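Read through the structure below, which is laid out as structure tokens, and then see the notes.
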Amino acid sequence: MKARGIARPISTVVMPAAALLLLVGCMSTQTKDPRGFDVAPLFGMIYGYDNQPVPGVEITVDGKAGPESDLMGRFVFPDLERGAHSIVATKQCYETISVPLKFLNQTQVLYLQMYSQSQLLDLAEKRIQAREWARARDLLSRAASVDPQDPACRFVRAILDFKTGRIDDAVSGLRSLLDSGVAEPAVYLFLADIYQDRLHEPAQAAALLEQYLERKGSAEIERRLRGLTHGD
């Protein structure tokens, strides 16, 4: 994903809850003309969506290894040439951030905001609850860019498909989870609900409830299963 630049004094910077933010701030400097340079340091900070610093982020500039953010999320390029650059920030379990940067002023400060996959999924679930389908789908796509095979990501996508009436896609996604060895009780129960209430296939629902009970005991589910199989 790409960032956008905004020119404003650093004293007025307020980090919003966005995927990425590139700010240009004014800092005190001994240089009379901050634009008159060939090489200068560029300082920056990386925050999570909750505005907490993100340490251990590896940063490259123009494809070359650069600094790593410290415990406070800070980093510095000590000798960056004036002009256009490509900044990429990566960390395991986080989405990758790609920033086009024009370094034209020694007082520039680079602020990045990046999300972990779990944070993206939490936000997607909130958007689903709010029935903001397009926003939820965008967040899920970003989460999938971190690890498309992550079971939690695939499960939340099935929820979104179900909520938006894409029943076949939801069933396919949940079946794919089971086929890949993800035998979580919640997957069996979700599928059973779909087969019983939407597809009206009680035999399929009963088989899934049996598999659910093999993994997690529940008197309520036992009563439900008896109702499907014996008409109780």
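Every number in this text was worked out from the coordinates using simple rules, so none of it is lab data. What you are looking at is a predicted structure, and each value in this text was computed from that prediction instead of being measured. Cβ placement follows ideal geometry from the backbone for every residue including glycine, while neighbour counts extend to all protein chains displayed.
Relative contact order for region 117-230: what is it in percent, counting Cα pairs under 8 Å that are at least 6 residues apart?
Details: 115 pairs, mean separation 17.8, N = 114.
Averaging sequence separation for qualifying contacts and normalising by length gives 16 percent for region 117-230.
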Q. Which FRET efficiency, nearest 0.05, do residue 169 and residue 33 yield, Cβ-Cβ r, R0 41 Å?
A. 0.10
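In terms of the Cα gyration tensor, with a ≥ b ≥ c the square roots of its eigenvalues, is region 153-200 rounded because a/c is under 1.5, prolate because a/b exceeds b/c, or oblate? Could you put the intermediate results ahead of the total?
On the way: a/c = 1.88, a/b = 1.27, b/c = 1.47.
Oblate, because a/c is 1.5 or more while a/b does not exceed b/c.
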Q: Nearest 5 is fine: what % of DSSP beta bridges in the chain come out antiparallel, could you say?
A: 75
Q. Among 155-161, 76-82, what's the highest-first ranking by average C-beta atoms within 10 angstrom per residue?
A. 155-161, 76-82
(Q) Show me, for region 83-99, the HN-Hα J-couplings you get by feeding each phi into the Karplus relation (A = 6.51, B = -1.76, C = 1.60, θ = phi - 60°), rounded to Hz, glycine and proline as x. (A) x, 8, 9, 10, 10, 10, 10, 9, 7, 4, 6, 10, 6, 7, 10, 10, 10
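Given the -39500 (n - 2.57) contribution per DSSP H run of 4+ residues, what per-residue ellipticity at 222 nm results for the chain, rounded to the nearest 500 deg cm²/dmol?
On the way: 7 runs with 88 residues, N = 232.
Helix contribution divided over all residues of the chain: -12000 deg cm²/dmol.
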Q) With the contact rule set at Cα under 8 Å and sequence spacing of 6 or more, what percent relative contact order holds for the chain? A) 14
**Q.** Label-point separation, residue 64 to residue 133 (7 Å along Cα→Cβ), nm
**A.** 4.9
(Q) I want to check the label-to-label distance for residue 179 and residue 84. Put each point 7 Å from Cα in the C-beta direction and report it in nm to one decimal. (A) 4.5
(Q) Can you order the peptides 91-97, 189-195 by their average number of other Cβ atoms within 10 Å per residue, highest first? (A) 189-195, 91-97
Q) Between residue 110 and residues 5 or more places away or on another chain, which pairs have amide H atoms under 5 Å apart, with H built 1.01 Å from N, and which residues are they? A) 43, 44, 45
Q: Using R₀ = 41 Å, calculate the FRET efficiency as 1/(1 + (r/R₀)^6) where r is the Cβ-Cβ separation of residue 72 and residue 222; round to 0.05.
A: 0.15
Q.
Give me a comma-separated list of calculated 3J(HN,Hα) values for region 44-57, in order, Karplus coefficients 6.51, -1.76, 1.60 applied at θ = phi - 60°, integers in Hz, x for any Gly or Pro.
A. x, 9, 10, 10, x, 5, 8, 6, 8, x, 10, x, x, 8
Q. Sorted by packing (mean other beta-carbon atoms within 10 Å per residue), highest first, where do 63-74, 118-129 land?
A. 118-129, 63-74
Q) So what J values fall out for region 167-175 if you push phi through Karplus, 6.51 cos²θ - 1.76 cosθ + 1.60 with θ = phi - 60°, rounded to Hz, Gly and Pro as x? A) 5, 4, 5, 5, 4, 4, x, 6, 4
Q) Measuring from label point to label point, each 7 Å out along Cα→Cβ, what is the residue 230 to residue 197 span in nm? A) 2.5
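Tell me the relative contact order for region 163-232 as a rounded percent, counting alpha carbon contacts under 8 Å between residues six or more apart.
Values: 49 pairs, mean separation 17.0, N = 70.
Worked out over region 163-232, it gives 24 percent.
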